[in-house]
2 protein chains.
Amino acid sequence: MTLIKKPVTGMKDILPAEMEIRDYCISVISKTYAEFGFCRIETPCVESIENLTSKQGGDNEKLIFRILKRGEKLKLENASSEADLTDLGLRYDLTVPLVRYYSEHQSELPVPFKALQMGNVWRADRPQKGRYRQFMQCDIDIIGEPTDLAEIELILATSTTLGRLGFGGFQIRINERRILKAMAAYSGFPAERFDEAFIILDKMDKIGIEGVSKELTESGFSEDSAARYCELFRGLDAASAAAGETAGARARAEAELSYLEEKLEGVIEPDVIPNLREIMNTVEKSKKADFEVVFDATIVRGMSYYTGTIFEIAMPELGISCGGGGRYDRMVGRFTGTDVPACGFSIGFERIILILMEQGFTIPGKPEKICFLLDKNLSRERLSEAIAKAQAEREQGKQVLVVRMNKNKKFQKEQLTAQGYTEFQEFYAEALK
Amino acid sequence: MTLIKKPVTGMKDILPAEMEIRDYCISVISKTYAEFGFCRIETPCVESIENLTSKQGGDNEKLIFRILKRGEKLKLENASSEADLTDLGLRYDLTVPLVRYYSEHQSELPVPFKALQMGNVWRADRPQKGRYRQFMQCDIDIIGEPTDLAEIELILATSTTLGRLGFGGFQIRINERRILKAMAAYSGFPAERFDEAFIILDKMDKIGIEGVSKELTESGFSEDSAARYCELFRGLDAASAAAGETAGARARAEAELSYLEEKLEGVIEPDVIPNLREIMNTVEKSKKADFEVVFDATIVRGMSYYTGTIFEIAMPELGISCGGGGRYDRMVGRFTGTDVPACGFSIGFERIILILMEQGFTIPGKPEKICFLLDKNLSRERLSEAIAKAQAEREQGKQVLVVRMNKNKKFQKEQLTAQGYTEFQEFYAEALK
């Protein structure tokens, strides 16, 4: 029987050139987040199916790879559904496992707990270009910090990391679930249908305000409410425009937040908008990368667990989002019965790698690469000499490849040059003059 | 519903202190292997069930976590066996995936291909102390190098890495599948039962030569053959003893190899023992770590895919094995139809971490850790100042944690000191004098 050479559907093998860039990014990310006091942790890739299907994960719960029960636990003849056959699954994100981890190890962890996770997750999405069924996520989370110090540090850490990876001119777009809800309440949507309205709002960048209005009424929201809702977004646009195109992101955000403060008075908790303002101000004052923080009332974020601020990284030139996060103050309580404030930010690791690969990224500060080519008639003595010499060079931190010389030495050297080897030494049966 | 706090059976959460040591080891391993010209690659954690159950993996194939088919492919009502329900599984080692990877991407890879893999594997073993169902493997492999240059470089790279991680006084024990087979043939065991005999031989360190002899005859091997077989091992011991305890590992190995050369003449291919001798000599001459290469005719290695040299790392003081590997020249042919020589060496990553943790290992060269403590009445201006100061320190490579000051500041500082913070700065509503 011949075996299957291809990786399984929707998952990919990583070739050496990409792996080098991935490793470089991982080292920059680790180092930068460590400077912000985040410590790396790891959880198993496999989680209890109960935790994975606890309605924390939104649509991702439909995409779980389930693992067959093992041994005696598997009773095929009595099984009537998938649930009878599986007790484990591959994690679809790093947030549910993090909160489980925190709940289990709380007494051994610092307060607040600042965690960095870099690990694979699995989703049985329909495979398509650039979207894989196994992909790496890179999350930072702060558990146990109730104030906006968490948001400030998360945004600064994430943007500093992106800056060190060479990204500039990007935006961190920020919103608040409580602003979203207040706007929906102000418009008269029934509270139990807020999430439905937000799913429609989320399409704003694709279908525009008219499209959102149309879809809201088609979905059975009252025309009055839909009109009132869309009026708010038109008001935001007007406030921003009045601040002036040249006024800068901070002034436009300020105009929008002031507009909402006035409109939503009595509907929203009084500290929500001032807090958001302070987060934006403090980040602007201390940022070390080339980006701006932008208020965006249309940001929704799919996960139902968010309770406060939500954010996204936008790379406008590339027209894509490169990560996001937010505050989820009530997920720990699902495990322990006691809520603990929590806030997280995830970098879209695979997208970043894709961009760097497309840009032909060169890793800075790589060590020297030397190749020793050994003639095939080399005596054992000369072979030992060559190896000993390679060992000495390696002790200096140089990368030394020792290979047999091919018949076509010129072609071999061309290939090695393409792999980054800059120096060649040849070893023959007789010592070279 | 309250969720499950514990990690799934047999898998473990990794706490920050362990994670720091793991990350450090990964960086030393990566750097050292890169100096030997190995490039890192990655394959998906999930493989086709056909590849995982192709009889390459020995007993590990009984321990596979199988993944349920998804969507339309799953026909529960017609399923009569596990095979009807699953098409994927979690990998149980990194060798089968590597060979699949090489077969698929051969044309894009250097010749010879020197690969480093560090990744998790899964085995549904009975959980016990120190043995987990998810664990990290760390493999180097050279594909496409037929000569013993592969073995020499693998042993030097692995031992140099262990040396840099602080290990000394260990042994690399080496044997040859063709010596094993020649000894079995010399003794008159039937060829189709060699593997059975080797499984018994593998118990030598536990049951001794008398135990091996007894078990061989009980398993139906002829008394004559069993006696002849055990006589060979006694002869090896005698040869080694004759060389003298103080003679050193090289002299003892030479005595044993000479004994076997004489005994197995005509039964073994003539280059096998001289090659093994040369591998040992060259490694001895060029090694950069404190270890010795020891010939050990009782080493078997469980995997049926080995075709030549086999090796194991022994830490005699700790009484455990810390890795192993060998030559498997015929596995690529299972995928492509054409054999390509291959040889690999795996470090027992989890064991190494366990040893370092138990020894209270301290990571060298860690950056300075500073903590900023913020009074809860801090104004927004002072908060911004503190954050800006933290940002400036981070740009210098320092690790700066910014946290709210607790009521019990003394206790908080004690805890932070235990986490490695050596400097504290306090920020109050009013600037400190």
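For (1) among the polar types (S, T, N, Q); (2) within 9 Å of another protein chain (Cβ to nearest Cβ); (3) closer than 15 Å to B:Arg123 by Cβ; (4) touching a helix residue (DSSP H, G or I) at 6+ places or on another chain (Cβ under 6 Å), each residue gets a yes or a no:
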site	(1), (2), (3), (4)
B:Arg40	no, yes, no, yes
B:Gly57	no, no, yes, no
B:Asn60	yes, no, yes, no
B:Phe65	no, yes, yes, no
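Any chance the range A:397-410 includes a residue that's within 29 Å of A:Asp93 (Cβ to Cβ), out of contact with any Gly (no Cβ under 9 Å at 6 or more places or on another chain) and surrounded by 13 or more Cβ atoms within 10 Å (Cβ to Cβ)? No, the conditions are met nowhere in the range A:397-410. Contact map, the range A:173-188: first residue farther than 16 Å from A:Tyr229 by Cα, second residue polar (S, T, N, Q) and part of a helix (DSSP H, G or I), Cβ cut-off under 9 Å, separation 6 or more or different chains; pairs are A:Glu176/A:Asn275. Of all residues in the range A:272-292, those satisfying the criterion of being within 13 Å of chain B (Cβ to nearest Cβ) and part of a loop (DSSP other than H, G, I, E, B) are A:Lys287, A:Lys288, A:Ala289. In the range A:12-22, the count of residues that are over 27 Å from B:Pro112 (Cβ atoms) and either of a type in the set (A, V, I, L, M, F, W, C) or assigned by TED's automatic domain parsing to the domain that holds A:Gln128 (or both) is zero.
Residues are listed down the side, and each one gets a yes or a no for (1) assigned by TED's automatic domain parsing to the domain that holds B:Phe345; (2) within 30 Å of B:Thr338 (Cβ to Cβ); (3) surrounded by fewer than 19 Cβ atoms within 10 Å (Cβ to Cβ):
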| site | (1), (2), (3) |
| --- | --- |
| B:Cys39 | yes, yes, no |
| B:Asn51 | yes, yes, no |
| B:Gly57 | yes, yes, no |
| B:Glu61 | yes, yes, yes |
| B:Ile67 | yes, no, no |
| B:Arg70 | yes, no, yes |
| B:Ala79 | yes, no, yes |
| B:Leu90 | yes, yes, no |
| B:Thr95 | yes, yes, no |
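Once the range B:1-34 is narrowed to residues that are over 22 Å from the mean Cα position of the chain (by Cα) and of a type in the set (S, T, N, Q), the residue that is farthest from the other protein chains (Cβ to nearest Cβ) is B:Thr9. Residues of the range A:249-282 that are in contact (Cβ under 8 Å) with a residue 40 or more places away in the chain, surrounded by fewer than 19 Cβ atoms within 10 Å (Cβ to Cβ) and not β-branched (Val, Ile, Thr): A:Ala249, A:Arg250, A:Lys263, A:Glu269, A:Asn275, A:Glu278. Summed over the range B:283-292, residues that are surrounded by fewer than 20 Cβ atoms within 10 Å (Cβ to Cβ) and either free of Cβ contacts under 8 Å to residues at least 60 places away in the same chain or among the polar types (S, T, N, Q) (or both) total 2.
Taken over the range A:72-97, residues that are closer than 18 Å to B:Lys75 by Cα, more than 8 Å from chain B (Cβ to nearest Cβ) and hydrophobic (A, V, I, L, M, F, W, C) amount to 1.
Here A:Lys69 clears all of (1) under 17 Å from the mean Cα position of the chain (by Cα); (2) among the basic types (Lys, Arg); (3) more than 8 Å from every other protein chain (Cβ to nearest Cβ) except the condition numbered (1). Summed over the range A:97-149, residues that are touching a residue at least 40 places away in the same chain (Cβ under 8 Å) and of a type in the set (Ser, Thr, Tyr) total 4.
Within the range A:279-305, how many residues are among the aromatic types (Phe, Trp, Tyr) and over 16 Å from A:Gly163 (Cα atoms)? Here the count works out to 2. Note on the range B:30-58: residues that are closer than 24 Å to A:Gln391 by Cβ and not basic (Lys, Arg) total 9.
The criterion of at least 2 residues that are away from every other protein chain (no Cβ under 14 Å), in contact (Cβ under 8 Å) with a residue 12 or more places away in the chain and surrounded by fewer than 18 Cβ atoms within 10 Å (Cβ to Cβ) is met, among strands (runs of 3 or more DSSP E) falling completely within the range A:293-386, by A:320-327. When residues in the range A:396-420 are screened for being more than 13 Å from B:Pro112 (Cα to Cα), in a helix (DSSP H, G or I) and of a type outside the set (D, E, K, R), 3 of them pass. Anything in the range A:98-113 that is within 7 Å of chain B (Cβ to nearest Cβ) and either within 10 Å of A:Ile143 (Cα to Cα) or in contact with a His (Cβ under 6 Å, 6 or more places away or on another chain) (or both)? List them, or say none. Of everything in the range A:98-113, those that are within 7 Å of chain B (Cβ to nearest Cβ) and either within 10 Å of A:Ile143 (Cα to Cα) or in contact with a His (Cβ under 6 Å, 6 or more places away or on another chain) (or both) turn out to be A:Pro110, A:Pro112.
Being in contact with an Asp or Glu (Cβ under 8 Å, 6 or more places away or on another chain) and aromatic (Phe, Trp, Tyr) is a condition met by at least one residue of the range B:98-106. Inspect the range B:149-172 for any residue being under 18 Å from B:Ala297 (Cβ atoms) and surrounded by fewer than 24 Cβ atoms within 10 Å (Cβ to Cβ) and give the result as yes or no. There is at least one residue in the range B:149-172 that is under 18 Å from B:Ala297 (Cβ atoms) and surrounded by fewer than 24 Cβ atoms within 10 Å (Cβ to Cβ).
Check whether at least one residue in the range B:254-265 is hydrophobic (A, V, I, L, M, F, W, C), in a loop (DSSP other than H, G, I, E, B) and within 14 Å of chain A (Cβ to nearest Cβ), and report yes or no. Checked against the condition, which is being hydrophobic (A, V, I, L, M, F, W, C), in a loop (DSSP other than H, G, I, E, B) and within 14 Å of chain A (Cβ to nearest Cβ), the range B:254-265 yields no hits at all.
In this structure, A:Arg394 does satisfy being at the interface with another protein chain (Cβ under 9 Å from one of its Cβ atoms), touching a Phe, Trp or Tyr at 6+ places or on another chain (Cβ under 9 Å) and free of Cβ contacts under 8 Å to residues at least 12 places away in the same chain. With a requirement of 3 or more residues that are in contact with a Lys or Arg (Cβ under 8 Å, 6 or more places away or on another chain), the strands (runs of 3 or more DSSP E) lying completely within the range B:40-146 that satisfy it span B:86-90, B:113-122, B:134-143.
The values are calculated or read from the model by the stated rules, or taken from the named source; none is laboratory data. What you see is a predicted model; the values in this text were computed from it and never measured. Heads up, the Cβs are rebuilt from the backbone with ideal geometry, glycines too, and the neighbour counts pull from every protein chain shown.
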